[in-house]
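The structure under discussion appears below in the form of structure tokens.
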2 protein chains.
Amino acid sequence: MLIGEVSAATGIDTQTIRFYERQGLLPTANRAPNGYRIYNDTVISRLQFVRASQSAGLTLADITGILTQRDSGDAPCAHVSGLLEEKLADVRARQFELAALAADLGRLIESSHDLDPADCSDADICHIISAPRVGQDEASNARTLH
Amino acid sequence: MLIGEVSAATGIDTQTIRFYERQGLLPTANRAPNGYRIYNDTVISRLQFVRASQSAGLTLADITGILTQRDSGDAPCAHVSGLLEEKLADVRARQFELAALAADLGRLIESSHDLDPADCSDADICHIISAPRVGQDEASNARTLH
DNA sequence: CTAAACCTTGAAGTTGAGTATAAGGTCAAG
DNA sequence: CTTGACCTTATACTCAACTTCAAGGTTTAG
């Protein structure tokens, strides 16, 4: 199988497949006499594993770790469980942050309905954002939108 | 005021303040005869506005837009309201994605309790992630953790 | 005189996961 | 013999918001 066929079979761009090889997610490919990469179909399931792992929130570095362990003969199950628990904790933390941000935005938007643009002074730039608000929580810095 | 004092007053690194100037978030600073940047205290509230806007999820590009409008004499209120509505929509979309990801991770973790590492074959790399699961939703690709 | 604590500039590096560009070799069809 | 679809490599670029590095000038204290 040539790289284009692997690409067609997986939906992953040829450039990306070469990139994964450079990153160590795929073993160094065998070559035909003309220099073309030659694959057997184990590469398909490996690439599908990469995509499945990504959709579970794992990074390529995480996935490299799993694959390396598997390639060395170990079952990576315990390692994977740990990673998934970590990711779930990350997701929950991010959900918490986003909930707070959504609440902030909601308050800001609501206050914008009550404020008159004519009252917006030059010094505070925009009174929707910079007008002093009561009960503003200090932790709201450090929150960003991703 | 020198740049270090502005930094101390706002908690924003001097390098970052120079970076903001290059990005157009701060006007070109006046200079002392020795070349040092000299600030008056309007820069403090401007930097605080930047931080407040960031904590509302606005990007530096968004903030540059607001500041430019304000500097040209317009009240940016209508523009800001629009931005905040957009950001809230982004946050809600992200919350939705994260909820789906959290559910996926929960299912994966639960299945990992039921699976035996001894049953994990070489071919599927890790049966927690790659074992065929019923009712897997197609949209779960395209989700990433941020 | 020297050391420290400031300040200056420009350029490059960081992170993650690719994507794009350039310049070229290979192969089958017509 | 040429066109087009493949394949190869290396290098650079993308996004955002900084951070780090290198190499130097200025000021103040001892």
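Of the residues that make up the range A:39-49, is at least one in contact with a Phe, Trp or Tyr (Cβ under 8 Å, 6 or more places away or on another chain) and outside any loop (DSSP other than H, G, I, E, B)?
Yes, the range A:39-49 has at least one match.
Criterion first (at positive phi, more than 11 Å from DNA strand D (Cβ to nearest atom) and out of contact with any helix residue (DSSP H, G or I) (no Cβ under 9 Å at 6 or more places or on another chain)) does residue B:73 satisfy it?
Taking the combined requirement at face value, the residue satisfies it.
Give me a count of the residues in the range B:104-146 that are modelled with pLDDT of 55 or more, among the small types (Gly, Ala, Ser) and under 30 Å from residue B:90 (Cβ atoms).
Total meeting the criteria: 1.
Within the range B:30-53, which residues are crowded, with 19+ Cβ neighbours inside 10 Å and closer than 20 Å to residue B:69 by Cα?
Matches in the range B:30-53: B:43, B:46, B:47, B:49, B:50, B:52, B:53.
For residue B:23, indicate whether it is surrounded by 18 or more Cβ atoms within 10 Å (Cβ to Cβ) and more than 7 Å from every other protein chain (Cβ to nearest Cβ).
no
Among the residues of the range A:17-30, count how many are more than 11 Å from DNA strand D (Cβ to nearest atom) and closer than 17 Å to residue A:44 by Cβ.
Residues in the range A:17-30 being more than 11 Å from DNA strand D (Cβ to nearest atom) and closer than 17 Å to residue A:44 by Cβ: 4 in total.
Is it fair to say residue B:56 is more than 10 Å from chain A (Cβ to nearest Cβ), within 12 Å of DNA strand D (Cβ to nearest atom) and within 22 Å of the chain's Cα centre (by Cα)?
For residue B:56, the condition - more than 10 Å from chain A (Cβ to nearest Cβ), within 12 Å of DNA strand D (Cβ to nearest atom) and within 22 Å of the chain's Cα centre (by Cα) - is not met.
Residues of the range A:21-33 being among the small types (Gly, Ala, Ser) and away from DNA strand C (no atom under 14 Å from the Cβ), which ones?
If the condition is that a residue be among the small types (Gly, Ala, Ser) and away from DNA strand C (no atom under 14 Å from the Cβ), then A:29 is the only one that fits.
Would a scan of the range B:34-49 turn up a residue that is within 10 Å of another protein chain (Cβ to nearest Cβ), of a type in the set (Gly, Ala, Ser), away from DNA strand C (no atom under 16 Å from the Cβ) and more than 19 Å from residue A:121 (Cα to Cα)?
no
Give me the residue from the range B:59-110 that is among the acidic types (Asp, Glu) and facing another protein chain (nearest Cβ under 7 Å) and, out of that set, nearest to residue A:120 (Cα to Cα).
B:85
With respect to the numbered conditions (1) over 30 Å from residue B:83 (Cα atoms); (2) within 11 Å of DNA strand C (Cβ to nearest atom), which one is the sole condition not fulfilled by residue A:80?
Condition not satisfied by residue A:80: (2).
Would you pick out the residues in the range B:9-20 that are within 9 Å of DNA strand C (Cβ to nearest atom) and surrounded by fewer than 18 Cβ atoms within 10 Å (Cβ to Cβ)?
Across the range B:9-20, the qualifying residues are B:14, B:15, B:18, B:19.
The values are calculated or read from the model by the stated rules, or taken from the named source; none is laboratory data. Just so it is clear, the structure is predicted and the values come from calculations on it, not from any experiment. Virtual Cβ from ideal backbone geometry, glycine too; neighbours counted across all protein chains shown.
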